[in-house]
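Peer 1: Dropping the structure in here first, questions after.
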Amino acid sequence: MPSMSKPLLLAAAVAALGATALSGCVIIASDGGDKTIVAMPGEEATRAEENAYAAAIADPLRPAEEVARDPLRKPAEMMAFAQLDAGDRVADIRPEEGYFTRLFAKAVGPSGRVYAFVPNQTAQRENGFGDTLAAAYPNVNRITGDLNVMTFPEPLDVVFMGQEYHDFTIPRFNVDVARMNAAVFAALKPGGLYVILDHQSAPGAGISVSGTLHRIEGAELRREVEAAGFVFAGETSAVANPEDDHTLTVFDPAIRGKTDQFVYRFRKPG
């Protein structure tokens with residue numbers, strides 16, 4: 001089959017979007033042809049949201065090393081899956097250097113708010129990251145506290161946890177995961193979303209390899225979160241990798257940055 005020019009590829013993508021409007025694809029493209037992103041089926045974004053996600057990705061304040069991770073981290077799909085909207089109140093739990101915090105700050109806009117929550121356990125190293133984010137983005141606040149009883153100044157629309165939940169199940173972190181999930185539940189507005197991204201482990205592994213491979217079984221995480229009263233509200237395979245056999249630590253050079261990851265969305269009833 002002859003290769004298609006980039007304009008024709010874009011036209012085909014737009015046509016596909018029209019043909020599958022009910023599946024809610026998001027298309028982001030540039031005239032320079034640097035990327036065309038199609039979000040996962042089942043997610044509907046308004047044009048304003050699409051534009052906000054594109055602007056967040058194009059934010060000139062984003063460090064080059066973070067931008068370089070975009071092809072694997074799928075930021076447009078992730079923001080669409082979290083259903084971020086202008087004016088939302090969002091907590092990014094243990095943001096570390098702030099890959100997602102920066103994106104969220106731009107996506108929710110000046111009328112929104114992002115709370116960069118740094119756990120007490122990692123505060124000595126990571127408070128500085130949170131302060132840097134708050135200095136760069138007027139709508140970002142750094143909060144440091146106890147994961148078991150975390151609170152926020154206002155009810156939240158979204159709580160996001162990216163590749164961190166597994167760490168909180170490691171005994172040395174001294175986190176009561178049931179209490180942590182209950183604290184998230186209390187922090188959210190009725191109808192609010194709890195979105196969790198993490199590295200998948202082998203079936204049946206549960207939390208047994210959290211401290212060694214830094215992976216967690218998605219089914220076990222789902223069970224724990226639903227036990228706090230949340231309703232499962234979907235998942236996306238945007239960052240899944242079926243070629244990962246789940247046997248390597250996520251820091252192994254052979255798989256680092258390319259692990260099989262699950263993303264679950266839970267909703268607080270109401």
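The values are calculated or read from the model by the stated rules, or taken from the named source; none is laboratory data. Since we're looking at a predicted model, the values are computed, not measured. Cβ: placed from backbone, ideal geometry, glycine included. Neighbour counts: every protein chain shown. The protein model used for the area step is the full one, side chains on, heavy atoms only, and it has no ligands, DNA or RNA in it. Shrake-Rupley method; radii C 1.70, N 1.55, O 1.52, S 1.80 Å.
Peer 1: So which residues in the range 154-188 are in a loop (DSSP other than H, G, I, E, B) and either of a type in the set (Phe, Trp, Tyr) or closer than 23 Å to Met79 by Cβ (or both)?
Peer 2: As a first pass, look at the range 154-188 and keep what is in a loop (DSSP other than H, G, I, E, B): 154-155, 163-164, 169-170, 174-176.
Once the filter is applied, which keeps residues that are in a loop (DSSP other than H, G, I, E, B) and either of a type in the set (Phe, Trp, Tyr) or closer than 23 Å to Met79 by Cβ (or both), the range 154-188 yields Glu154, Pro155, Gln163, Glu164.
Peer 1: Here's a follow-up. Restricting attention to the range 131-153, which residues are open to solvent by less than 50 Å² (accessible area, probe 1.4 Å), in contact with a Lys or Arg (Cβ under 6 Å, 6 or more places away or on another chain) and either closer than 20 Å to Pro60 by Cα or not in a helix (DSSP H, G or I) (or both)?
Peer 2: Result: Ala134, Asn139.
Peer 1: Regarding the range 208-221, can at least one residue be identified that is at pLDDT 95 or above, more than 20 Å from the chain's Cα centre (by Cα) and either crowded, with 20+ Cβ neighbours inside 10 Å or more than 20 Å from Phe168 (Cα to Cα) (or both)? Quick ask: steps written out before the conclusion?
Peer 2: Going through the range 208-221, the residues at pLDDT 95 or above turn out to be 208-221.
Within this subset, residues satisfying the condition of being more than 20 Å from the chain's Cα centre (by Cα) are 208-209, 211-213.
Filter once more, keeping what is either crowded, with 20+ Cβ neighbours inside 10 Å or more than 20 Å from Phe168 (Cα to Cα) (or both): 213.
The answer is yes, given that some residue of the range 208-221 is at pLDDT 95 or above, more than 20 Å from the chain's Cα centre (by Cα) and either crowded, with 20+ Cβ neighbours inside 10 Å or more than 20 Å from Phe168 (Cα to Cα) (or both).
Peer 1: Sticking with this one: Can you pull out the residues in the range 36-56 that are modelled with pLDDT of 60 or more, open to solvent by less than 70 Å² (accessible area, probe 1.4 Å) and of a type outside the set (Gly, Ala, Ser)?
Peer 2: Glu49, Glu50, Tyr53
Peer 1: Please go through (1) open to solvent by 30 Å² or more (accessible area, probe 1.4 Å); (2) assigned to a loop (DSSP other than H, G, I, E, B); (3) out of contact with any Gly (no Cβ under 7 Å at 6 or more places or on another chain) for Leu84 and return the number of the only condition it doesn't satisfy.
Peer 2: (1)
Peer 1: Can you tell me how many residues in the range 107-130 are more than 22 Å from Pro155 (Cβ to Cβ) and open to solvent by 10 Å² or more (accessible area, probe 1.4 Å)?
Peer 2: 9
Peer 1: Looking only at residues in the range 227-240 that are exposed (fewer than 14 other Cβ atoms within 10 Å of the Cβ) and under 20 Å from the mean Cα position of the chain (by Cα), which one is nearest to Ala68 (Cα to Cα)?
Peer 2: Checked the range 227-240; the qualifying residue nearest to Ala68 (Cα to Cα) is Phe232.
Peer 1: For residues that are open to solvent by 10 Å² or more (accessible area, probe 1.4 Å) and within 20 Å of Gln83 (Cβ to Cβ), tally how many sit in the range 175-188.
Peer 2: 2
Peer 1: Looking only at the range 249-262, decide whether some residue is open to solvent by 70 Å² or more (accessible area, probe 1.4 Å) and in contact (Cβ under 8 Å) with a residue 24 or more places away in the chain. Reasoning before the result, please.
Peer 2: Step one: of the range 249-262, the residues open to solvent by 70 Å² or more (accessible area, probe 1.4 Å) are 251, 253, 256, 258.
Among the residues that remain, those that are also in contact (Cβ under 8 Å) with a residue 24 or more places away in the chain are: 251, 258.
Yes, because at least one residue in the range 249-262 is open to solvent by 70 Å² or more (accessible area, probe 1.4 Å) and in contact (Cβ under 8 Å) with a residue 24 or more places away in the chain.
Peer 1: Another question, if that's okay. Can you name the residue in the range 66-81 that is farther than 14 Å from Glu235 by Cα and either of a type in the set (S, T, N, Q) or in contact with a helix residue (DSSP H, G or I) (Cβ under 6 Å, 6 or more places away or on another chain) (or both) and is also surrounded by the fewest Cβ atoms within 10 Å (Cβ to Cβ) among such residues?
Peer 2: Result: Glu66.
Peer 1: Kindly indicate the residue of the range 189-207 that is assigned to a strand (DSSP E or B) and small (Gly, Ala, Ser) and also most open to solvent (accessible area, probe 1.4 Å) among those meeting that condition.
Peer 2: Taking the range 189-207 as the starting set, the residues that turn out to be assigned to a strand (DSSP E or B) are 189-200.
Right, trim to small (Gly, Ala, Ser) and you get 191-192.
Details: Gly191: 23, Gly192: 3 Å².
Residue satisfying both the conditions and the ranking: Gly191.
Peer 1: Considering the range 158-187 alone, what residues qualify as being more than 26 Å from Gln200 (Cα to Cα) and touching a Leu at 6+ places or on another chain (Cβ under 8 Å)? Don't jump to the end; show me each part of the working.
Peer 2: As a first pass, look at the range 158-187 and keep what is more than 26 Å from Gln200 (Cα to Cα): 186-187.
Hit for the range 158-187 is Ala187, nothing else.
Peer 1: Considering only residues that are among the acidic types (Asp, Glu) and either open to solvent by 10 Å² or more (accessible area, probe 1.4 Å) or free of Cβ contacts under 8 Å to residues at least 12 places away in the same chain (or both), which ones fall in the range 87-106? Break it down stepwise before answering.
Peer 2: In the first step, residues of the range 87-106 are kept if they are among the acidic types (Asp, Glu); the result is 88, 92, 96-97.
Correct list: Asp88, Glu96, Glu97.
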